[in-house]
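Scroll down for the structure; my scribbles are underneath it.
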Amino acid sequence: MKKFNIRKVLDGLTAVSSPSPSPQLGAKENELIPETLQSEHFQLCKTVRHGFPYQPSSMAFDPVQKILAIGTQNGALRLFGRPGVECYCQHESGAAVIQLQFLINEGALVSALSDDSIHLWNLRQKRPAVLHSLKFSKERITFCHLPFQSKWLYIGSERGNIHIVNVESFTLSGYTIMWNKAIELSSKAHPGPVVHISDNPMDEGKLIIGFESGIVVLWDLKSKRADYRYTYDEAIHSVAWHHEGKQFICSHSDGTLTIWNIKSPAKPAQTITPHGKQPKDGKKPEPCKPILKVEYKTTRAGDPFMIFSGGLSYDTVGRRPCLTVMHGKSTAVLEMDYSIVDFLTLCETPYPNDFQEPYAVVVLLEKDLVVIDLAQNGYPIFENPYPMMIHESPVTCCEYLADCPVDLIPALYSVGSRQKRQGYSKKEWPISGGNWGLGTQSYPEIIITGHADGSVKFWDASAIMLQVLYKLKTAKVFEKVRCKEEKPSTEIVDEDPFAIQLMSWCPESRMLCVAGVSAHVIIYRFSKQEITTEVVQLLEVRLQYELNDLESPEGGGDQTPGTSPSPQTTAPQTHTSTSSNSSDGIRDNIPCLKVRSSPLKQSSGYQVELVVQLVWVSGEPPQQISSLAINSCYGLVVFGNSNGLAVVDYLQKTVLLNLGIMELYSSNDPYQRQLRSPRKSRQPSGAKMSRKLSLPTELKPDLDNRDNSFSRSRSSSVTSIDKEAREAVTSFHFCETYNRKADGGLTSSLWVGTSLGTVLAISLSMPPGGEQRLLQPVIVSPCGTLVRLKGSILRMAFLDSTGSLLPSAFEPWYEPNAPANGEERDKVRKRRPVSVSPSTSQELNENQYAVVCSEKQAKVISLPSQTCVFKHNITETSFVLRADVVQINTGICVACFCANGHIMTLSLPGLRPLLDVNYLPLTDMRIARTFCFTNLGQALYLTSPTEIQRITYSQEVCENLQETLGELFTPVETPEAPNRGFFKGLFGGGAQSLDREDLFGESGAGKAPRSLAQHIPGPGGIEGMKGAASGIVGDLARARIALDERGQKLSDVEERTAAMMASADSFSKHAHEMMLKCKDKKWYQF
């Protein structure tokens, strides 16, 4: 041992001036471990949001830039370009987005909100920002319309009036169309809110206004009066023009479509009820559900498309929401999985006065985005390349791994590509705008999500993208329940019995272990080859709480012999055969779910190795599993709950240890707690246990009412005193370490953390490798308590004597289904586990440090002396929900997320606070369940049931984020306007233009009353934009783009001028020749 130097200890004490991390006396010399991480290495910011926009409310598409925008009910704005280019923004008010309008090919977007405000977003920067806002105070906004290449935005209101806004200055024009002037004497009653505004495609001076009551007005902007009024006795939901401007179509609340000629206001030219039954006696067809939206799109070559949502007959009860496509004589009814929020038809031209040539329909559903190919027979859908089906089944837990082995993503992709559905459109995804970022981040990242239906999804999350790699269905292992009557009475949850609660994954060996809500654990091995498993291997484990339970026959004394070869198991409590309910009707030794008995075909990917189930004990259901860990080097899986823990050898398919928590404490243990409650009386077999997981009391009142998939209350059969006394196993860590102060060398160990803050050790004596590993038993022996902390233990890790992180030992992946006589099998036999711990031959004074983090505090313990060298109280008033020991830059730190919303990092081994940001108050259990940190400054959580929010706590990542993010706006030439043709130009039959500036500007229309709306400059104004974009680099880039655009336009002008000069030159030549030829001829000679 090194000599103890008191001076160095005192130096170490004075060096740490921070009051909270208190070094303890007896500390090793801290200056031997210099800490590289400083507070300037940390900064917190959001990086990217993935998934389907939660509760969508509106949608818009820029047909030139090919960008899609989706607004939501909580004021979020999601923008999508080509796969990998997406952006998230948020309106400060959080009000619902009722309508979106692109300034087509201008890199800007107008949003209208339910709080009667409109906002102009600048999309020419990587993080879009609001340039201007206008808040109406006396009018409720119901509809907006911005004509193509116009700067005047029409805004319809609930009172039936129309106001006009200049989108450049965001000021109101004095020109207003009042409802009473629009309808005059055509109706005695108020016409209702404005539901539609659009200008005639062929005449910008004529505006069509649809009122809810059924009145449509064609308004002449110049003369400020109505040309025609069209009245129908059913409420209007939407209006659409034919591109020639001579007809328009309305959709109504009784499921009818009316087509009107603009010069025949007396009655519709045609009335259609697409889904109504036509009576034979010529009466009106019976009414149908409202047609909420209709679009009328023309083609050069064939019939126009009429596309609408709704309109089904009332007798189609239970029918799914539909989109109807009418083309010529054919009518296609396309059923959707969820209700339709909005749809848009994508057309080849942005000009409304040209043949539209529709090629796709984007349908925004309540929980999905569907794009339909109109050009192919049968209208197939495009394969959605965005990660929008995170919520296919609700997410119940998450794991995140940055800098994983490089061969992992290709391996998962190759097995996952075989799971893809067929029958998609062969064409390219039509939303293809924007450009990818130029980030240099190159490390692979994987996100794993566990779901309520028992599925597990693996996602490639590298370079701020997200793409599904592979999906595993764990429910296949169990028997299917066809109807509710067949449900076994042993189930302990009402719904989602296969829901994933915990996941433990070894990326190097690719071993995966999942724990489900029905107290089951499944161990999976990765294989590239398909196999059929005749019998699924099953172990049943009986975890009991009472120490004195062995007196009773149900306690295991008189049961069949256990399978445990371990001398440490106090009683044979493990059974491989299921016994039925005992004679007095008490459920005993029965698992909650039935494992399938028929052969299981397992395709390449993750294949079941072993299923472990906890069984009912004396009428009591098994407690849910609260902690889980797998180690591929030792071939062990360990899991625990509030009754105790079990160690399973998945290679030999045996239970090595099955102990109540009290039995883990040794007899002379200073921390041992006696049972404080009387023995439980047996309950009738119907009693079910409360499903709540142990949460500290501060959170319980808030969270029990919230969205917690596993919080399904039952009449509890445990007294409150007993509940308080219970100690659950909350965390595990496999390691090569010193379990006792006197240890001369490293021991293979399992450290166990409990909900009462105790850390206990279990030593593992491993047999030799190779075939001996499958023949000789692993010896497991509890070593008693090591350390005590305040609050439940969340995370443990180990550092070597230089302060570097010691990962757990692992075994490299090998193909488990290799042919018996092949070379692969020999490799398997000869493989050696990779132990990353220091060898046992090292000097004894080169010790280790154990890092232990609980809900309240963190400690660093020196080993083998078991001295606490550093301690830091993380929080007094709240508690930590998630803690991870992570690598960032050149150092390591503890990252914590608290229930009060604080994100903190602490240095290691000194536990100095480096970052503390009040980021996100805990609003529901979903965030608590899914928040996780990983290496290299990355973290994530589920921000809504459908979206993953990724954040970074690294200064370096924040600085490089601007480069990594994609660009939404790219300079694109606006397509040429349709050719008017010679005769139309001569006789005025083409599109009529209008000088809106004269009409709506201040000189022509005067000023609007100030009290009507308040102008609010946005943070994305010129000053804000400079800061939001990447400083001078952004300015230079914008200047370069502007110059490029200007240069392109100038070169175009030059080319056109040259062409005109050449044609003028040839014309003068021909004219001169003609003159010479005809000079001497008389008029009668021609």
Cα-Cα over 20 Å: which of K135/K224; K420/K594; K135/K1007; K263/K293; K188/K293?
K135/K224; K420/K594; K263/K293; K188/K293
Want the number for D227 to S442: 0.36 nm per residue separation, take away the alpha-carbon distance, what's left?
71.1 nm
What do you get for GluC sites (Glu not before Pro) in the stretch 488-535 restricted to DSSP loop and a cutoff of at most 12 other Cβ within 10 Å of the site's Cβ?
E495, E534
First measure r as the distance between the Cβ atoms of Y338 and M1075, then evaluate 1/(1 + (r/R0)^6) with R0 = 56 Å and state the FRET efficiency to the nearest 0.05.
0.15
Kindly write out, for the stretch 964-978 in residue order, the coupling ³J(HN,Hα) from the Karplus curve 6.51 cos²θ - 1.76 cosθ + 1.60 (θ = phi - 60°), rounded to whole Hz, with x marking Gly and Pro.
5, 5, x, 9, 7, 9, 10, x, 10, 6, 5, x, 5, 5, x
Counting heavy atoms of the protein chains only and a 1.4 Å probe, report the per residue accessible area for the stretch 193-239 as a whole number of Å².
33 Å²
Once the piece of chain linking E92 and E976 is laid out straight, how much longer is it, given 0.36 nm per residue of separation minus the C-alpha distance between them?
314.4 nm
In the neighbourhood of D220 defined by beta carbon distances under 13 Å, the net charge of the other residues (Lys, Arg +1; Asp, Glu -1) is +2
Please give the net charge around P405, taking every other residue with its beta carbon less than 11 angstrom from that of P405, where Lys and Arg add +1 and Asp and Glu add -1.
-2
Using amide H atoms built in the peptide plane, which far-off residues or other-chain residues are under 5 Å from A108 H to H?
L103, L123
What part of the accessible area of the stretch 763-816, given as a whole %, is carbon or sulfur when the probe is 1.4 angstrom?
56 percent
Compute the label zone of Q529 within the stretch 608-625: residues whose backbone N is under 16 Å from the point 7 Å along Cα-to-Cβ.
608
Only loop residues by DSSP count here, and only those with at most 14 other Cβ atoms within 10 Å; note down the trypsin sites (Lys or Arg not before Pro) in the stretch 109-144 that meet that.
K138, R140
Loop-only GluC sites (Glu not before Pro) in the stretch 148-257, please: DSSP not H, G, I, E or B, and at most 16 other Cβ atoms within 10 Å.
E158, E168, E244
Rounded to a whole %, the carbon-and-sulfur portion of the accessible area of the stretch 247-315 at a 1.4 Å probe is 53 percent
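The values are calculated or read from the model by the stated rules, or taken from the named source; none is laboratory data. In this text the structure is predicted, and so the values were computed from the model without any measurement. Backbone-built Cβ (ideal geometry, glycine too); neighbour counts: all protein chains shown. Accessible surface is based on the protein model in full, side chains and every heavy atom, while ligands, DNA and RNA are left aside. Shrake-Rupley method; radii C 1.70, N 1.55, O 1.52, S 1.80 Å.
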